[in-house]
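This report refers to the structure that appears directly beneath it.
The values are calculated or read from the model by the stated rules, or taken from the named source; none is laboratory data. Quick caveat: nothing in here was measured; it's all calculated off a predicted structure. Here the Cβ positions follow ideal geometry from the backbone for every residue, glycine too, while neighbour counts run over all protein chains shown.
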Amino acid sequence: MGKLKIAFYWNASCGGCEEAVLDIGEGILEVLEKAEIVFWPVALDFKLDDLKKFANGEIDVSFINGGIRLSEQEHVSKLLRKKSKLVVAFGSCAHLGGVPGLANLWKKKSIFDYYYREAPTVKNPRGVVPSTKTRVPEGEIDLPEFYEVLKPLGQVVKVDYYVPGCPPPPNVVAKALEVVVEGELPPRGSVLGASNRALCEECPLNETKPKELLLKEFKRVHEFVPDPEKCLLAQGLPCLGPVTRGGCGAQCIRANMPCTGCFGPLDNVEDFGARAISFLASILDYDTEEEILKALEKIVDPVGLFYLYSLPSSLVRDRIRRK
């Protein structure tokens, strides 16, 4: 049996997921003993024509990171889907929409107006904005279309597996690659390399969390220095560890920062943000609506807290834009 054929591709994301593959260090050499990277244009000299030459289903697995915001990203992702036996949504942006998905709060025209006309540092007296057709002295060139919304990968192509994280940490990447290379795959639709238990279960501060946790107020991270030996949620920081999938090793919490939920929801949770809102509301120790509203004033950016990584895949994604 020959080596597995593996592809990597980068859509609408920051590029951290590409670095995450390299962060597994020498482990990549073990992968390459059994697998061959046949398409990875950000790291190696591969062109789109190289991808087109593969027969349908010839590539064993494609790891695609980033959401879909441009027509080019949709085109290449659909081509990879056609050429691949398996497609893995790699990282938070492909999995749930990610941080770039927060732009779905604004219409395309609003985004273009600000970044190309209105921002303080912009000098654009003619008001030029990107166009899919642009004429230059050499002729006309085509540019990708910027879509009205960003979509997670799974809303554009069929996804077989998911690897969570922003970006996925080295241990999760290594586990996911190992599972694929060894052929020990779980049922399709599963999350690879992570846990299906809440992050709290691997948090080094979990033993300090009260069994009956009730809060009188939420605090913001710039207001005080948390005790690194005590549960951050118990200190009033809105940590999302109780509703977030484990597997990252609680890296943010070990740095004395609360979990922001980049590993996404546990199995069978339809809307991560709604689950997080429900949990935090359940530990507020108040009886009146007035007291509750006052406590919630400390959550100045609810979407940025509860839907930082998952707005495009949430139940409210379309309602927000219509409103």
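Specify the residue that is surrounded by the fewest Cβ atoms within 10 Å (Cβ to Cβ); the eligible residues are those in region 82-98 that are over 15 Å from residue 68 (Cβ atoms) and not basic (Lys, Arg). Outline the logic, then answer.
Residues of region 82-98 over 15 Å from residue 68 (Cβ atoms): 82-86, 88.
Subsequent filtering for residues that are not basic (Lys, Arg) retains 84, 86, 88.
Working: 84: 25, 86: 19, 88: 25.
Restricting to residues being over 15 Å from residue 68 (Cβ atoms) and not basic (Lys, Arg), the top hit is 86.
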Legend entry - Among (1) surrounded by 12 or more Cβ atoms within 10 Å (Cβ to Cβ); (2) not in a strand (DSSP E or B) - the single one residue 186 does not satisfy: (1)
Legend entry - Qualifying residues in region 17-45 (those that are buried (at least 17 other Cβ atoms within 10 Å of the Cβ) and closer than 13 Å to residue 90 by Cα) - the one farthest from the chain's Cα centre (by Cα): 21
Legend entry - Options 111, 37: the member that is in a helix (DSSP H, G or I) and without any contact (Cβ under 8 Å) to a residue 60 or more places away in the chain: 111
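Please verify whether region 83-91 includes one or more residues that are among the small types (Gly, Ala, Ser), touching a helix residue (DSSP H, G or I) at 6+ places or on another chain (Cβ under 6 Å) and outside the structural domain of residue 9 (by TED's automatic domain parsing). Even if it seems obvious, please write down each step before you answer.
Taking region 83-91 as the starting set, the residues that turn out to be among the small types (Gly, Ala, Ser) are 84, 89, 91.
Then keep just the ones that are touching a helix residue (DSSP H, G or I) at 6+ places or on another chain (Cβ under 6 Å); that gives 89, 91.
Of the ones still in play, those that are also outside the structural domain of residue 9 (by TED's automatic domain parsing) are none.
No, that holds for no residue.
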Inset, instruction - State whether the residues of region 67-81 include one that is β-branched (Val, Ile, Thr), crowded, with 19+ Cβ neighbours inside 10 Å and touching a residue at least 12 places away in the same chain (Cβ under 8 Å). - result: yes
Inset, instruction - Could you grab me the full set of residues in region 78-119 that are under 23 Å from residue 4 (Cα atoms) and out of contact with any strand residue (DSSP E or B) (no Cβ under 6 Å at 6 or more places or on another chain)? - result: 78, 79, 82
Legend entry - Odd one out for residue 117 among (1) over 20 Å from residue 12 (Cβ atoms); (2) of a type in the set (Lys, Arg); (3) assigned to a loop (DSSP other than H, G, I, E, B): (3)
Legend entry - Test set (1) outside any strand (DSSP E or B); (2) outside the structural domain of residue 165 (by TED's automatic domain parsing) - residue 135 fails condition number: (1)
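Would you confirm, using the coordinates I've provided, whether residue 80 is among the hydrophobic types (A, V, I, L, M, F, W, C) and out of contact with any Ser or Thr (no Cβ under 6 Å at 6 or more places or on another chain)? First the steps, then the outcome.
On the way: among the hydrophobic types (A, V, I, L, M, F, W, C): yes; out of contact with any Ser or Thr (no Cβ under 6 Å at 6 or more places or on another chain): no.
No: the conditions fail for residue 80.
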Legend entry - Positions within region 28-71 being out of contact with any Asp or Glu (no Cβ under 8 Å at 6 or more places or on another chain) and hydroxyl-bearing (Ser, Thr, Tyr), in sequence order: 62
Inset, instruction - For region 198-216, name all the residues that are surrounded by 15 or more Cβ atoms within 10 Å (Cβ to Cβ) and in a loop (DSSP other than H, G, I, E, B). - result: 203, 205, 209
Legend entry - Matching residues in region 245-271 - criterion: being crowded, with 22+ Cβ neighbours inside 10 Å and over 18 Å from residue 99 (Cβ atoms): 247, 253
Legend entry - Enumeration of residues in region 217-233 that are surrounded by 16 or more Cβ atoms within 10 Å (Cβ to Cβ) and touching a Ser or Thr at 6+ places or on another chain (Cβ under 7 Å): 231
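Here is a yes/no grid of residues against (1) farther than 27 Å from residue 283 by Cα; (2) touching a helix residue (DSSP H, G or I) at 6+ places or on another chain (Cβ under 9 Å); (3) among the hydroxyl-bearing types (Ser, Thr, Tyr); (4) not assigned by TED's automatic domain parsing to the domain that holds residue 267:
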residue	(1), (2), (3), (4)
189	yes, no, no, yes
205	no, yes, no, no
211	no, no, no, no
217	no, yes, no, no
